[in-house]
Amino acid sequence: MSLGQPVQLPLGVKLRDEATFTSYFAGPNAAVVGAVEALASPGSAVPEPYIYLWGAQGSGRSHLLQAACHRMSERDGLAMYLPLREVKSHGPAILEGMEAFDLLCLDQLDALAGDPEWEEALFHLYNRLREQDGRLLLAASAPPRALEFTLADLASRLSWGVVYQLQMLDDHGKQEMLKLRAELRGLQLPDEVARYILSRGSRGMAELFAALDHLDQASLQAQHRLTIPFVKRVMGW
């Protein structure tokens, strides 16, 4: 792993290039994003080196963890992102030595609940991180006490840091998010077109991003700006 470069993970997992703080529309989560950005800045003083994020699917948990890794590596720090559900089959031994990173981001913490070997490995990793003044960013779909860990000491440890709930965007927030993502692609997305997409397509974040991807490609091929008639024709609405 080279300093200052996007982090490439072991086990075939990679950070998404577009998962940055710039491409995340904070909306009601501005305070959370600020705390995560501070945690991901090497050399910065942080009141609490452990942050736990939870929220519904589509709230941007994974995006923020990957953005934190990008930020840390851009500033010559060492960061690691582990989506636990994806790497669980490799066994808890992959957590050994993870305390050496300047920032460790563990996603999909739900996947470990009820697995004694993984719970114990995570408990010991947490203790090693405290001994070495490491920084830890965790994410799950529920708060620590609701994950039903069988190891009581682990559930207690996970509650020691700052716990934030990520709020879902309302329709206005989703509209602003679409405009932000379009702008980063060099696309102009007028308010009325963004509202039309929200009114006709799925309101799920993944589906909205997929629609924007499709419209971006169609706009480039047709050399056509995004208008309601164009969107209607491309999307078949």
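Remarks
- Residue-span extension gain [E48 to H124] - 0.36 nm each, minus C-alpha spacing: 25.4 nm
- Reducing segment 23-64 and segment 88-149 to their Cα centroids gives an inter-centroid distance of 17 Å.
- The calculated FRET efficiency for the pair A30 and A93, based on their C-beta separation and a Förster distance of 41 Å, comes to about 0.60.
- Extension gain, T22-Q221: 0.36 nm per intervening residue step, less the Cα-Cα distance, totals 69.0 nm.
- Of all beta bridges that DSSP places with both ends in the chain, some 5 percent have antiparallel geometry.
Read-outs throughout are calculated quantities, based only on the coordinates presented, and are distinct from any laboratory measurement. Worth saying up front: this structure is predicted, and the values here are computed from it rather than measured. Neighbour counts are summed over all protein chains in view; Cβ atoms, including those assigned to glycine, are modelled from backbone coordinates with ideal geometry.
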